[in-house]
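Every read-out reported here was derived from the displayed coordinates using simple, explicitly stated rules and does not represent laboratory data. Computed from a prediction, not measured in an experiment: that's the story for all the values here. As a convention, Cβ positions derive from the backbone with ideal geometry for all residues, glycine included, and neighbour counts pool all protein chains shown.
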Amino acid sequence: MDFLQILTETQTTAPLLLTVKVLAVSGALHLVCGVLLGYYLTSGKGTVRSVVDFLVTLPLVFPPIATGFILLMVLGRAGIIGQNLPVDIVFSFTGVVLASFVSGLPLMVKPVEAALRGDLKQMAEVSQVLGKTDWQTFWLVLLPNVRRNVASGWFLALGRSLGEVGITLMIGGNIIGKTNTLSLEIYNAVFSGEFERALVLSSIIGIFSLIIFIALKRLSAV
C-alpha cells in the first residue's frame, strides 16, 4: 500500500479538509453554546429548562440515525421550520456542521453543568451577596473555576463530532465532494472495495483521536 500516494489523492484530501472545517465551526459553537447552556441549566428550575435539558441530552440516548431523521423532517424543505428558512440547511455544509454540533453538544454541556452544580454554587451565592450581578458572577467567579471541565467537555465533543455518521448521513446526504466527511468517506471506501484507502482514512481519524486522548490525559493530570 502506498500510504503517501493515497493520502495526497483528492478523494482523501477533500474529506479531510471538509472535516477540519466542520470541526472548526462546530467546535466554536460547542465552546460558546455548551458553556452558556450548562450555566442556564443550573441557574434555576422550570418547564422550559427541563425541555432544554431533554433536548440537549437526547443525542446521548437516541440512535443517531433517528436523530438525523427528526432533524431532516423539521429542517427539510417541507419541514415545520425548514420551509420558512431563506436557505437550505439539509444536504449542505451547514447541515454537516449542525450534525456535528448536535452530536457533540451533550458531552460539552454535561461536564460544565455537573461542575456548576457542585461547591461553586456557594461561591456564586457569596458573589451575589457582595453585589455582583448574575453575569458578573458567571464571568468572574464561575467560569474561571470550571475551565478544566470546559476544556475536557470540549475535547470530548470534538471527538464525538469527528466520528459522527448517522446524523450527518441524514441531513448532510453524503454528497461526494460536498458533504462527505472522513467518517462517511470510510464507509464509501469500504462499500466500493477500496480497503487500503479506508485504512488510510481510519489512520487519519486515529491520529486525531490520539491527540484528543493525550489532551484529556494531560487535563486530568493537572
**Complete:** Semi-axes in Å, largest first, for the chain (Cα gyration tensor, √(5λ)) are 36, 23, 13
**Request:** Please give, to one decimal in nm, the separation of the simple spin-label points placed at Phe62 and Val48, each 7 Å out from Cα toward the Cβ.
**Result:** 2.1 nm
**Fill in**
Residue-ordered couplings for the range 34-48, obtained by feeding phi - 60° into the Karplus form 6.51 cos²θ - 1.76 cosθ + 1.60 and rounding to whole Hz (Gly and Pro as x), are x, 5, 5, 5, x, 5, 4, 6, 9, 8, x, 10, x, 5, 4
**Prompt:** Helix 195-221 versus the longest principal axis of the chain: what is the Cα-based angle in degrees, 0 to 90, to the nearest 10?
**Reply:** 20 degrees
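Tell me the mean residue ellipticity at 222 nm calculated for the chain from its helices only (DSSP H runs of n ≥ 4, each -39500 (n - 2.57), averaged over every residue, nearest 500).
Details: 11 runs with 163 residues, N = 222.
Only helices count here, giving -24000 deg cm²/dmol.
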**Item:** With Cα atoms, 0 to 90° folded angle of helix 147-162 axis to the chain main axis
**Value:** 20 degrees
**Message:** Modelling each spin label as a point 7 Å along the Cα-to-Cβ direction, I'd like the Tyr187/Gln128 distance in nm, to one decimal.
**Reply:** 4.6 nm
**Item:** Phi to ³J(HN,Hα) by Karplus 6.51 cos²θ - 1.76 cosθ + 1.60 over the range 187-193, Hz, x for Gly, Pro
**Value:** 4, 4, 5, 5, 4, 8, x
**Asked** In nm, to one decimal, how far is the Ala14 label point from the Ile214 one, both placed 7 Å along Cα→Cβ?
**Response** 3.1 nm
**Asked** For the cross-link pairs Lys45/Lys110; Lys110/Lys178; Lys21/Lys110; Lys110/Lys217; Lys21/Lys45, which exceed 27 Å when the distance is taken from alpha carbon to alpha carbon?
**Response** Lys110/Lys178; Lys21/Lys45
**Fill in**
Calc'd 3J(HN,Hα), the range 105-111, phi into Karplus 6.51 cos²θ - 1.76 cosθ + 1.60 (θ = phi - 60°), Hz, glycine/Pro = x, comes to 4, x, 6, 8, 6, 5, x
**Complete:** Pro106 neighbourhood, Cβ < 15 Å, K/R = +1, D/E = -1, net charge -1
